[in-house]
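Take a look at the structure below.
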Amino acid sequence: MADEPTIWGEIWRSVAANATIAAAAWGAAGGATSALVIKVSSRDAIRQIILGALTSGGMGTLGGGLVAVWLDLPAGAIPAIGAGGSIAYLVGVFGPAIIEVLLTRIRAGRLPRG
């Protein structure tokens, strides 16, 4: 009876195998690192972590695709590269910083024209 899969076991197995979720987790770690390095408040740290996860969820896999094309790897390597950690982690570190700069410029009305 214990060997039968349960619905919760299947859900957790699917989440663990999903490259986007893995990239988002690495991005959240990058956002946390970024928040620790620049020593922000708790509220801003949570925002950094969430932004890191969201940007890495999308850009981590895209970055894996770019690396696969650059190194002439098979298409099956894209999810593994994107979820592998380093690309998603870096996007998690730098993505929130870029978004924060853009938000600051929007609030100040200093966006580039054209």
What about PRO79, is it assigned to a loop (DSSP other than H, G, I, E, B) and either among the acidic types (Asp, Glu) or at pLDDT below 80 (or both)? no
GLY52 vs. criteria at pLDDT 80 or above and part of a helix (DSSP H, G or I): yes
Could you grab the pairs with beta carbons closer than 7 Å, sequence gap of 6+ or different chains, first residue in segment 89-107 and without any contact (Cβ under 8 Å) to a residue 60 or more places away in the chain, second one not in a helix (DSSP H, G or I)? ARG105/LEU111
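Conditions (1) crowded, with 19+ Cβ neighbours inside 10 Å; (2) modelled with pLDDT of 75 or more; (3) of a type outside the set (S, T, N, Q), marked per residue:
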{"site": "ILE11", "(1), (2), (3)": "no, no, yes"}
{"site": "ALA28", "(1), (2), (3)": "yes, yes, yes"}
{"site": "ILE46", "(1), (2), (3)": "no, yes, yes"}
{"site": "ALA68", "(1), (2), (3)": "yes, yes, yes"}
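The values are calculated or read from the model by the stated rules, or taken from the named source; none is laboratory data. It should be emphasised that the depicted structure is a prediction, and the values quoted were computed from it without experimental measurement. Positions of Cβ are generated from backbone atoms using ideal geometry, with glycine treated the same way; all protein chains shown enter the neighbour counts.
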